[in-house]
Structures are given as structure tokens and as C-alpha cells.
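Working notes, beginning with the structure itself.
The values are calculated or read from the model by the stated rules, or taken from the named source; none is laboratory data. From a predicted model like this one, the values you see are computed outputs, not experimental measurements. FYI the Cβ positions are ideal-geometry reconstructions off the backbone, even for glycines, and counts take in every protein chain you see. In case anyone asks, the SASA skips ligands and DNA or RNA and just uses the protein heavy atoms, side chains included. Shrake-Rupley method; radii C 1.70, N 1.55, O 1.52, S 1.80 Å.
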Amino acid sequence: MGENQLSALKATFSNLVALNLLEDLPVAVYSCNKEGYITSFNKAAVKLWGKTPELNKDKWHINREIFDADGALLKPEEMPTGKVLKYGKAVKQQEIYIKHPDGNINCILSNPKPLFNDSGELTGAVNILIDITEQKNAESKQGMLASIIESSEDAIVSKNLAGIITSWNYAAQRLFGYTEDEIIGKHITVLIPEDRYDEEELIIKKIRANERIEHFETIRKTKSGEEIQISLTISPIRNSANQVIGASKIIRDIGRQKKSEEKLLQYAERLEILNSIGQVISAELDIQSILQKVTDATTQLCGAKFGAFFHNQVNEQGESYMLFTLSGAPREAFEKFGMPRNTAVFHPTFSGERTVRVDDITKDPRYGKNAPHFGMPKGHLPVVSYLAVPVRAKSGEVIGGLFFGHEQPARFTIEHEQLVLAVAAQAAVALDNAKLYEDIKQLNEKKDEFIGLASHELKTPVTSLKGYLQIIARNLSPDDKNKPLANRALEQVGKLTTLISDLLDVTKIQTGKLPFTYANFDVIKLLSESREILQQTGPSHELTLNLPFKELIINADCQRIEQVIINLVTNAVKYSPKADKVIIEATVINNKFRVSVQDFGIGIQPDQLDRVFSRFYRVENLASHMSGLGIGLYICQEIVNRHHGRLWVESTYGEGSIFYFEIPINTNDLHHG
Ligand code: ADP
């Protein structure tokens with residue numbers, strides 16, 4: 001064996017020993033010859049490659065896909081070992097990426113070194129491959145986390161268990177005003193208002209116990225000292241031995257969110273208030289009550305010490321206003337001062353020009369310029385904050401003004417102003433309605449007065465007329481040709497008398513003076529007699545009377561009950577011009593005497609059913625031309641009601657109606673009770 005051969009053998013041997021040692025190492029090692037064929041490898045190398053190479057047959061780039069750090073696929077001569085074999089120089093820690101047959105890509109530090117024989121010729125290479133994939137992943141994860149933290153909208157801060165701030169992101173800087181340099185190393189209490197220090201103790205306690213705190217709403221302090229509302233989520237930070245070493249905090253600024261929540265709540269509350277005020281005042285038809293309610297509500301709404309509504313009453317000089325309603329102060333508190341006058345302060349309100357809202361009226365240039373008081377009169381309730389809102393009618397006319405005062409400055413805000421304006425607008429509508437109602441009421445009263453007066457005035461001449469006619473009729477011999485004329489005249493006067501007495505009845509009902517005389521009488525007899533009379537005056541219809549008894553004594557006003565019967569039957573005949581019968585029936589149900597009058601006439605539409613009992617109400621239809629005043633049913637209802645009974649109607653439009661009335665049989669106690 002030559003010397004060269006011997007040294008080569010030695011080298012191989014020492015390589016083998018080395019490789020044996022390396023066999024179980026966690027680091028991949030392989031060697032290859034000059035041509036690149038693998039000559040030895042350890043277990044870790046197999047793991048890395050994902051396959052077992054055949055010695056002297058597979059080349060080192062047994063994994064075809066090897067990339068550099070930029071992701072470019074490497075040709076064999078560009079691979080670290082390829083370069084070593086080409087140039088005979090070691091490559092140190094080149095980062096490459098090897099694609100494993102399972103698809104994973106591992107990040108590897110490749111450290112190939114050339115092998116030489118004793119004569120210095122390159123014989124191959126040996127490579128140590130260190131897998132740094134996990135390390136790399138952790139690094140990039142950390143990088144990612146860091147960038148997430150940095151770009152987070154929420155402030156993210158960490159501290160150790162001693163409460164010292166250890167990290168601080170950009171959002172934290174934005175929220176609290178401290179830069180990272182300023183705050184790191186400082187104690188967390190720089191962010192906590194003094195009265196909340198014990199919160200920190202509590203937090204640390206929980207963190208030590210390895211507990212998380214979620215969405216804890218509290219207040220923290222910024223660099224400028226401003227207190228802000230935040231929500232805290234705190235998690236413990238553990239070291240690799242799983243010991244808690246600190247805490248990370250996510251701090252969310254909820255001030256804005258809180259503010260908009262509050263605004264929303266305020267808005268909803270306001271709507272509710274306005275709604276209820278609207279309901280209250282629109283239910284009122286009395287002007288004074290509306291104004292009082294509006295004054296009370298608005299005074300309360302704007303937190304004024306007192307509020308007043310001044311009715312706009314202008315005298316010839318364009319001055320002087322009448323005090324109408326007050327809230328929060330006794331009337332005497334104002335009365336002695338006379339009315340507010342058309343001064344510069346009051347003018348915008350009474351002229352309806354605009355709202356006046358001043359934080360301190362005593363400092364207002366318009367204030368204190370007028371004699372005799374030059375400002376508030378002595379003894380006036382103190383006014384510093386001042387709010388005055390004109391109240392306009394729908395027509396645009398200024399009805400008056402709402403005035404509010406408070407002894408402290410700047411008490412009234414734009415919200416108060418808007419609220420009062422909104423109420424004032426509602427009040428205007430209610431006031432308009434009240435005024436209309438008032439006008440109608442007055443007109444109605446005038447009308448009633450006129451009817452009462454007219455019927456009263458008519459009664460006397462008609463009564464005498466009737467008397468004279470009766471004398472004339474009586475004095476005429478039966479075959480006198482004027483006899484039928486006199487009788488007809490008497491008939492007409494009779495109708496006139498009924499009309500007048502009906503009108504007088506209405507007036508009496510209105511004034512609560514319709515007299516009743518209760519007595520026992522046989523209502524069956526009354527029905528029969530009434531039928532007789534009616535049959536004679538209205539022979540066009542057959543009046544059928546169905547009676548269950550021969551006699552029934554009831555206690556009632558006989559004449560008034562007769563009036564009801566006559567009215568109902570007359571109507572039945574009148575409103576069934578094409579029919580030829582009317583059915584009258586009487587029954588007793590539950591100790592009540594019930595009469596029904598059925599016709600087969602024009603009927604009544606459902607929506608008119610209740611209204612026919614109203615005073616002066618007549619259904620507008622084909623029967624409109626039929627004469628009548630629309631008071632018969634009104635009087636009937638009053639009579640029946642006064643007997644503690646009931647009057648109602650069932651009707652099918654175009655087919656006919658049944659009017660019922662019902663009165664208790666034993667009404668003795670009721671009438672006199
Ligand atoms: P008047 O008959 O003088 O108009 P009432 O008070 O007796 O006044 O009746 C009020 C209205 O009710 C009448 O105008 C009529 O439109 C309607 N009405 C009353 N009775 C009947 C009926 N039997 N059928 C249809 N409509 C009726």
C-alpha cells in the first residue's frame with residue numbers, strides 16, 4: 001500500500017469514527033465525494049431529506065427543490081454544497097429552504113466544508129445542516145404580533161407584577177399622550193386616578209391568581225390630566241416555566257361610545273317626554289289648563305328655578321303683557337312688579353322674532369337700560385341664566401312667550417332651548433284647538449240660548465192661537481163649509497205645539513231642568529191607547545201591537561213614556577214611506593219592561609247608528625227631505641236614561657230598523673234615590 005493510499009484510508013477511517021459519533025446527533029450531517037454523490041449521512045439527515053439516499057448513487061441535492069431566502073429555486077451549483085465542490089471553499093451558515101416530500105418547507109442553515117486528501121486535492125464535502133424552522137416561525141409570529149399590536153386601534157400595554165410598564169403601543173400613546181420612551185419603566189399608577197388606586201391592587205391580585213379580567217369599565221388619566229372612560233381587558237403574561245410575570249392590557253376608549261349612547265338615551269328620553277306632554281296638552285281643551293301644563297312641563301324640562309308664560313296682550317302703546325301662568329314660584333312673586341314690558345330683552349320674544357338664551361342676563365348689553373328698575377325690580381326672583389321662547393299659533397300669530405330663569409349662570413343649553421321650542425310648537429296646536437273649541441262652545445251656547453228664547457216666545461202666541469181656533473171650531477155648525485178648514489188649522493197648530501214643546505224640552509235637558517212626575521200606571525193600556533191615536537193620525541201604516549199581558553203596572557212618568565212611544569212610532573212610519581206596517585211589541589226581560597218598534601223602511605247605516613240620538617242630528621240620505629228637527633230621539637234618550645233605562649237601535653240599511661227601549665219595572669227606589 002502506497003503512502004497516499006494509506007493516508008486516504010486513515011482519513012476515511014477518521015471520517016467513519018466521526019460519522020458514528022454524529023449518527024445520533026439531532027443535527028443533520030452528510031458527506032459527499034467530489035462528484036457530489038453521498039458517501040455518508042446520519043439519521044437526522046434522513047429525517048431532513050424525508051428519504052434515505054443510496055450511497056454513491058444519490059447526490060446531495062436529493063431534494064430537488066431547494067430555495068434561497070428570497071424564495072428562488074437553486075440550481076445544484078448554486079446550492080451551498082455545490083459551491084463548495086466547485087470552489088473548494090467552506091460556506092458558512094447559508095440560509096436555505098428545503099422542500100420536504102410531505103410538502104413542508106424547512107428553513108436550514110447549511111454549513112458545508114470541503115474535504116481534501118493529504119496532497120491537498122478536493123475529495124468531497126461534508127455538510128452540517130441545522131434546522132431553524134421553529135425558530136424562524138417563532139420569529140415571524142413575534143414580528144406579526146408586534147405589528148398587530150403596533151397597528152391596533154386599542155391601546156395595548158404590558159406591565160410586570162411590580163406594576164412597571166414594560167411595553168406601550170402607538171394607540172396607547174394616542175390615548176394617553178405619553179410616548180413609549182416617556183412611559184416605559186414608569187409605574188402603572190401614573191395612568192390611574194388617585195381614587196381608583198385600589199383597583200390596581202385588585203387587578204394585580206387577579207393576575208397573580210392567573211385570572212383574566214374582561215371588559216372592565218373604568219376611568220383612567222391621560223398625560224394632560226384628563227379623565228377618560230375606558231374598558232380594560234387584562235391577561236396574565238407567563239414565562240416559559242408558566243409562571244405569571246406580568247400582565248398585558250387592552251385598553252379601549254369607550255368615552256365616545258358612551259357619549260353617543262348617552263346622546264341616544266337622551267334623545268329617546270326627550271321623545272318620550274315630548275310625547276307625553278303632547279298627549280297631556282292635546283287632551284286639554286281649556287286654554288288656561290294647557291298653558292299651566294306647558295309652563296310646568298317646560299320649567300321642569302329645562303331645570304329652571306321658575307318659568308312663566310306671559311300672554312301677549314298689547315295695549316295701544318304697544319306695551320304691557322298679561323301674566324298668565326307660573327311654575328316654580330308663587331303668583332305673588334311676580335304680580336307686584338306689573339307686567340314685563342316691551343324692552344330690548346323682552347322684545348324678541350313678544351314679537352316672535354327669536355329665542356333668547358343667555359348664560360348671564362345681567363351681563364347682557366340689552367339688560368338694565370330701562371327706567372324705572374334698570375334691570376330686575378327689587379325683590380324679583382334672581383335671574384342669571386335666562387331663556388325665553390316665543391309661542392306662536394299655527395297661523396303664525398305670536399300668542400305669547402315662555403320665560404325661564406335660574407339664579408346660576410349658564411344653566412340653559414341648546415338642548416333645553418330645542419325642547420322648549422318643541423313643546424311650544426305642540427302647545428300652539430293645542431291652543432289653537434282649545435280656541436276653536438272655545439269658539440264653538442260659545443256659538444253653541446248662543447244657539448241654545450236662542451232656541452230656548454225663541455221657543456219660549458213662540459209658546460204663548462201659539463197657545464192663544466190654539467185656544468181661539470178651538471173656540472171657532474166649536475162655534476161652527478157641523479155642516480159649515482169652514483169646519484174642515486178650522487179642524488185642519490187646529491191639526492197644524494197641534495203639530496206646531498209639539499214642535500215648540502220639543503224645543504223647550506231640549507232647552508230644559510240642556511239646563512238640567514226637564515221635570516219628571518213618577519206614578520204607577522198600566523203601561524199596556526198606555527201602549528194600546530197610543531196605538532189608537534197614532535193609527536188615526538197615520539192611516540198609511542197598519543200598526544200591529546203584540547202584547548204578552550193584559551196589564552202591567554209600572555212606576556214611571558206616564559206622559560214622558562207616551563212621548564217616547566209616539567216618537568218611535570212616528571219615526572217608524574215617517575222613515576218607511578214605502579212600507580205599510582209597523583210592529584210594536586212589548587216584553588218583560590229581567591224585571592225590565594221592553595218595547596220594540598219595528599219598521600220596514602229605509603234603515604240606518606252602521607256608522608250612523610249611535611249618532612241618531614244626538615241633538616239636532618239627522619241622517620243625510622234620501623230621507624233628508626222629510627221634515628224634522630233631529631231632536632226626537634235625543635229627548636227620548638234623555639227620558640229613558642232618566643228612568644234608568646236604555647234606548648238603542650238595530651238596523652239594516654235599506655231594510656228597516658228596530659228601536660228598543662227598556663226601563664226597570666220597579667223604579668220607585670231609583671227615582672227617588
Ligand atoms: P227627526 O226625525 O225629527 O229628524 P229624530 O231625533 O227623531 O229627529 O231622529 C233623528 C234621525 O234619525 C232622523 O233624522 C233620521 O235620519 C234617523 N231616524 C230616526 N228614526 C228612524 C227610522 N225609524 N228609520 C230610519 N232612520 C231613522
Practice task
Apply the Karplus parameterisation 6.51 cos²θ - 1.76 cosθ + 1.60, with θ equal to phi minus 60°, to every residue of the range 171-186 and state each ³J(HN,Hα) to the nearest whole Hz, in sequence, with x for glycine and proline.
Solution key: 5, 5, 4, 5, 6, 9, x, 7, 7, 4, 4, 5, 9, 5, x, 7
Exercise for the section: Would you please classify the overall shape of the range 465-546 from the alpha carbon gyration tensor, given that a ≥ b ≥ c denote the square roots of the eigenvalues, rounded means a/c under 1.5, and beyond that prolate means a/b larger than b/c while oblate covers the rest? Expected result: oblate
Completion exercise
For the range 423-468, whose charge dipole is built from +1 on Lys and Arg Cβ atoms and -1 on Asp and Glu Cβ atoms, the candidate among Gln426, Gly452, Leu436 with its Cα farthest towards the positive end is Gly452
Completion exercise
Heavy-atom accessible area of the range 264-514 with neighbours in place, 1.4 angstrom probe: carbon+sulfur share in percent works out to 57 percent
Problem - Nearest 10 degrees, 0 to 90: helix 197-208 Cα axis against the chain principal axis - result: 50 degrees
Problem - Using θ = phi - 60° and Karplus 6.51 cos²θ - 1.76 cosθ + 1.60, couplings along the range 464-472 (whole Hz; Gly, Pro as x) - result: 5, 3, 4, x, 4, 4, 4, 4, 4
Fill in the blank from the handout: Computed over the chain, the relative contact order (Cα-Cα under 8 Å, seq sep at least six) in percent reads 6 percent
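Which net charge results for the neighbourhood of Gln563, defined as the other residues with beta-carbon distances under 14 angstrom from its beta-carbon, given Lys and Arg at +1 and Asp and Glu at -1? Kindly include the intermediate steps, with their values, before the conclusion.
Numbers: positive: Lys508, Arg560, Arg642; negative: Asp502, Asp505, Glu529, Asp557, Glu562, Glu638.
Net local charge, Gln563 excluded: -3.
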Handout entry: Per residue value of the accessible surface for the chain (all protein chains in place, 1.4 Å probe), Å²
Key = 57 Å²
Practice task
Whenever you get a sec, compute what percent of the accessible area on the range 524-673 sits on carbon and sulfur atoms (1.4 Å probe).
Solution key: 49 percent
Practice task
Report the label-to-label distance for Arg594 and Ile105 in nanometres (one decimal), using points 7 Å from each Cα along the Cα→Cβ vector.
Solution key: 9.7 nm
Problem - Whole-Hz ³J(HN,Hα) from phi, Karplus 6.51 cos²θ - 1.76 cosθ + 1.60, for the range 477-485, glycine and proline x - result: 6, x, 9, 5, 5, 8, 4, x, 5
Fill in the blank from the handout: Quick calc: nm separation of the 7 Å Cα→Cβ label points for Ala90 and Ile472 -> 15.5 nm
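Can you give me the relative contact order of the range 16-137 as a percent, contacts being Cα pairs under 8 Å and 6 or more apart? Don't jump to the answer; show the numbers that get you there.
Working: 251 pairs, mean separation 29.3, N = 122.
Dividing the mean separation by the residue count of the range 16-137 yields 24 percent.
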Practice task
Order these peptides, 400-410, 196-206, 281-291, by their mean beta-carbon neighbour count within 10 angstrom, highest first.
Solution key: 400-410, 281-291, 196-206
Completion exercise
Listed by chain and number, the lysines with an alpha carbon less than 25 angstrom from that of Lys57, same-chain partners under 8 positions apart left out, are Lys10, Lys34, Lys43, Lys47, Lys75, Lys83, Lys86, Lys89, Lys99, Lys113
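Quick one: net charge of Ser327's neighbours, Cβ under 12 Å, K/R +1, D/E -1? Could you put the intermediate results ahead of the total?
On the way: positive: Lys293, Lys305, Arg331; negative: Asp296.
Neighbourhood net charge equals +2.
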Exercise for the section: Find how many whole Å separate the alpha carbon centroid of the range 214-252 from the alpha carbon centroid of the range 288-304. Expected result: 48 Å
Problem - Interchain or long-range residues, amide H under 5 Å from Asp58's placed H - result: Ile38
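For the chain, what proportion of DSSP beta bridges, expressed in % and rounded to the nearest 5, is antiparallel? Kindly include the intermediate steps, with their values, before the conclusion.
Numbers: 103 of 108 bridges.
So the antiparallel bridges amount to about 95 percent of the total.
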Exercise for the section: Provide the convex hull volume over Cα atoms per residue for the range 320-462, in Å³. Expected result: 152 Å³
Completion exercise
Rounded to the nearest Å, the spacing of the alpha-carbon centers of the range 462-524 and the range 24-46 is 140 Å
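Can you give the charge dipole size of the chain about its Cα centre, rounded to the nearest 20 debye, using +1 on the beta carbon of Lys and Arg and -1 on the beta carbon of Asp and Glu? Present the calculation step by step, with values, prior to reporting the outcome.
Working: 77 positive and 85 negative charges, 66 e Å.
The calculated dipole for the chain is roughly 320 debye.
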Completion exercise
The helix 632-642 Cα axis meets the longest alpha-carbon principal axis of the chain at an angle in degrees, between 0 and 90 and rounded to 10, of 80 degrees
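When the accessible area of the range 21-90 is split by element with a 1.4 Å probe, what percent falls to carbon and sulfur? Before the final figure, lay out the partial values.
Values: 2080 of 4000 Å².
C and S atoms contribute 52 percent here.
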Handout entry: Two-site label geometry, Glu449 and Phe374: point separation in nm, points 7 Å out along Cα→Cβ
Key = 5.2 nm
Practice task
Starting from the Cα-Cα distance between Ser224 and Asp181, subtract it from 0.36 nm times their residue separation and give me the gain in nm to one decimal.
Solution key: 13.8 nm
Exercise for the section: Treating cross-link reach as a plain straight distance, find the lysines whose alpha-carbon is under 18 Å from the alpha-carbon of Lys259, omitting any fewer than eight places away in the same chain. Expected result: Lys221
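First check a/c for the range 152-253, with a ≥ b ≥ c the square roots of the eigenvalues of its C-alpha gyration tensor; if it is under 1.5, answer rounded, and if not, answer prolate when a/b is larger than b/c or oblate otherwise. Intermediate results must be reported in sequence, preceding the final value.
Working: a/c = 1.63, a/b = 1.37, b/c = 1.19.
Here the range 152-253 falls in the prolate category.
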Completion exercise
Tilt, helix 558-574 to longest principal axis of the chain (alpha-carbon atoms), in degrees rounded to tens, equals 70 degrees
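Taking the mean number of other Cβ atoms within 10 Å as a proxy for protection, how do you rank 371-382, 75-86, 545-556 from highest to lowest? Please list the in-between numbers first.
Numbers: 371-382: 10.9, 75-86: 19.7, 545-556: 15.4.
Descending mean neighbour count gives 75-86, 545-556, 371-382.
What is the calculated FRET efficiency for Phe67 to Thr133, with r their C-beta to C-beta distance and R₀ = 22 Å, to the nearest 0.05?
On the way: r = 13 Å, r/R0 = 0.60.
Computed FRET efficiency for Phe67 and Thr133: 0.95.
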Fill in the blank from the handout: Residues meeting the amide H criterion for Leu552 (H placed from the backbone, H to H distance under 5 Å, 5 or more places apart or on another chain) are Val523, Ile524, Lys525
Completion exercise
For Lys447, counting only lysines whose alpha-carbon sits under 24 Å away and dropping same-chain residues fewer than eight positions off, the answer is Lys435, Lys459, Lys495, Lys508, Lys513
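Note down the magnitude of the dipole of the range 515-672 about its Cα centre, charges +1 on Lys and Arg C-beta and -1 on Asp and Glu C-beta and zero elsewhere, to the nearest 20 debye.
Numbers: 14 positive and 18 negative charges, 34 e Å.
That gives the range 515-672 a dipole magnitude of about 160 debye.
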Exercise for the section: Could you calculate the contour length gain from Gln559 to Ala209, that is, 0.36 nm times the residue separation minus the distance between their Cα atoms, to one decimal place in nm? Expected result: 116.3 nm
Completion exercise
Sorting Tyr518, Tyr30 on solvent-accessible surface, 1.4 Å probe, most exposed first, gives Tyr518, Tyr30
Practice task
Rounded to the nearest Å, what's the spacing between the alpha carbon centres of the range 611-660 and the range 77-96? Just the number, please.
Solution key: 117 Å
Problem - Hull shadow area, averaged, the chain [alpha-carbon convex hull, nm²] - result: 66.3 nm²
Exercise for the section: Pull up all non-local amide H partners of Ile245: gap of 5 or more, or a different chain, and H-to-H distance under 5 Å with H placed in the peptide plane. Expected result: Ile237, Arg238, Asn239
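Tell me, what is the percent relative contact order of the range 94-242, built from C-alpha pairs under 8 Å that lie six or more residues apart? Show your work: numbers first, answer last.
Values: 206 pairs, mean separation 17.9, N = 149.
Once divided by the residue count of the range 94-242, the mean separation gives 12 percent.
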Handout entry: Radius of gyration and Dmax over the Cα atoms of the range 264-514, both given in Å
Key = 30.0, 103
Handout entry: 10 Å binning of all Cα-Cα separations within the range 515-672, expressed as whole percents from 0 upward
Key = 11, 42, 35, 11, 0
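Could you give the length gained by full extension between Arg238 and Trp648, i.e. 0.36 nm per residue of separation minus their alpha carbon distance, to one decimal place? Write out the running numbers ahead of the final one.
Details: separation 410, 0.36 × 410 = 147.60 nm, distance 8.71 nm.
Residue separation times 0.36 nm, minus the Cα-Cα distance, leaves 138.9 nm.
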